[in-house]
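Data first, discussion second: the structure below is written as structure tokens.
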Amino acid sequence: LGTGISLLGIIMTILFVGGINKRNIGIVVLALLAAGAMFIISEPHRIERVQTFLKGDDTSVSDSDSYHIEQARLAIGSGGLFGVGIGNSVQSTGYLPEATNDSVFAIMGETFGFVGLVVILGLFTALMYRLIKQIDCQVDERLRLIIAGTFGWLCSHVILNVASMTGLIPLTGITLPLLSFGGTSMLFFSAALGLVFQLSRYSVY
């Protein structure tokens with residue numbers, strides 16, 4: 001479902017940049033929300049994740065379903081302002097599931113602290129801003145849509161990963177681009193960004 005949301009982010013970004021009517025965008029969004037609700041209801045583990053999210057910080061009842069998000073928050077909170085330093089992370093030793101993959105943002109919060117996370121998010125923001133500028137500078141509509149799709153892909157992954165690790169949305173298994181462990185993710189994101197910056201040679205300023 002998380003990957004599906006990422007794909008929808010790509011599609012919606014392309015449609016928006018392509019100039020689709022705002023009314024039609026509203027209809028598409030409502031249809032997607034309805035489809036998403038059906039997909040959630042169809043799988044028990046998805047319902048459990050939503051229930052865990054809605055429970056929030058209520059710890060009056062022990063719930064194994066909330067273990068992952070609780071450990072992620074503990075990792076970020078333990079980092080404080082400047083972090084515990086490289087090699088000193090406790091959560092990465094087995095307490096936090098998928099510590100080097102889906103949960104790498106929380107581990108970086110523990111290692112580098114709040115300041116480190118701000119720097120990381122700042123770098124992602126700068127990269128996405130560069131992609132937006134390239135969309136504005138392209139004359140060929142096809143190239144604009146390619147860059148828009150890459151922007152939607154990168155942006156959706158960053159937002160979904162960070163939001164799930166901080167408890168703003170139900171937990172999802174989405175990687176953090178260029179930072180999560182896994183060669184496939186790195187390869188395809190690098191290929192997409194390489195294509196985009198190759199297209200920047202044909203920009204008009």
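The values are calculated or read from the model by the stated rules, or taken from the named source; none is laboratory data. Keep in mind the model is a prediction, meaning the values are calculated, not measured. A quick note on method: Cβ atoms are made from the backbone with ideal geometry, for glycine too, and the neighbour counts reach across all protein chains shown. The accessibility values were calculated without ligands, DNA or RNA, using every heavy atom of the protein model including side chains. Shrake-Rupley method; radii C 1.70, N 1.55, O 1.52, S 1.80 Å.
Values as computed for the structure displayed
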{"quantity": "Total charge dipole magnitude, the chain, about the Cα centre, Cβ charges on Lys, Arg, Asp, Glu only, Debye to nearest 20", "calculated": "820"}
{"quantity": "Furthest towards positive pole of dipole, F124, G77, L96, structure part the stretch 67-145, Cβ charges", "calculated": "F124"}
{"quantity": "Cα Rg over Rh - the stretch 1-142, Kirkwood", "calculated": "1.06"}
{"quantity": "Helix 141-165 vs. the chain, principal-axis angle (Cα, 0 to 90°, nearest 10)", "calculated": "10"}
{"quantity": "Relative contact order (%) - the stretch 1-154, alpha-carbon pairs under 8 angstrom, separation at least six", "calculated": "30"}
{"quantity": "Estimated [θ] at 222 nm from DSSP helical runs (n ≥ 4, -39500 (n - 2.57)) normalised by residues in the chain, nearest 500", "calculated": "-23000 deg cm²/dmol"}
{"quantity": "Accessible surface, the chain, averaged per residue in Å² (probe 1.4 Å)", "calculated": "57"}
{"quantity": "Gyration tensor verdict on the stretch 1-40 (Cα atoms; rounded if a/c is under 1.5, prolate if a/b is larger than b/c, oblate otherwise)", "calculated": "oblate"}
{"quantity": "Cα-based shape type of the stretch 87-196, given that a ≥ b ≥ c are square roots of the gyration tensor eigenvalues and the cut on a/c is 1.5", "calculated": "prolate"}
{"quantity": "Vicinal HN-Hα couplings computed from phi for the stretch 70-84 (Karplus, 6.51 cos²θ - 1.76 cosθ + 1.60; Hz; Gly/Pro x)", "calculated": "5, 5, 5, 5, 4, 5, 5, x, 5, x, x, 7, 10, x, 8"}
{"quantity": "Sparse-neighbour loop sites [chymotrypsin sites (Phe, Trp or Tyr not before Pro); the stretch 71-163; at most 16 other C-beta within 10 Å; DSSP]", "calculated": "F82, Y95"}
{"quantity": "Hz values of 3J(HN,Hα) by residue in the stretch 13-20 - Karplus curve (6.51, -1.76, 1.60), Gly and Pro given as x", "calculated": "5, 5, 5, 5, 5, x, x, 5"}
{"quantity": "Of all accessible heavy-atom area on the chain, the percent that carbon and sulfur account for (1.4 Å)", "calculated": "68"}
{"quantity": "Highest-fluctuation residue, T150, T100, T125 considered, GNM on the chain with Cα pairs under 10 Å", "calculated": "T125"}
{"quantity": "Residue-count net charge about T175 - beta-carbon cut-off 14 Å; Lys, Arg +1, Asp, Glu -1", "calculated": "-2"}
{"quantity": "Most mobile of G18, G87, G194 in a GNM of the chain (Cα contacts under 10 Å)", "calculated": "G87"}
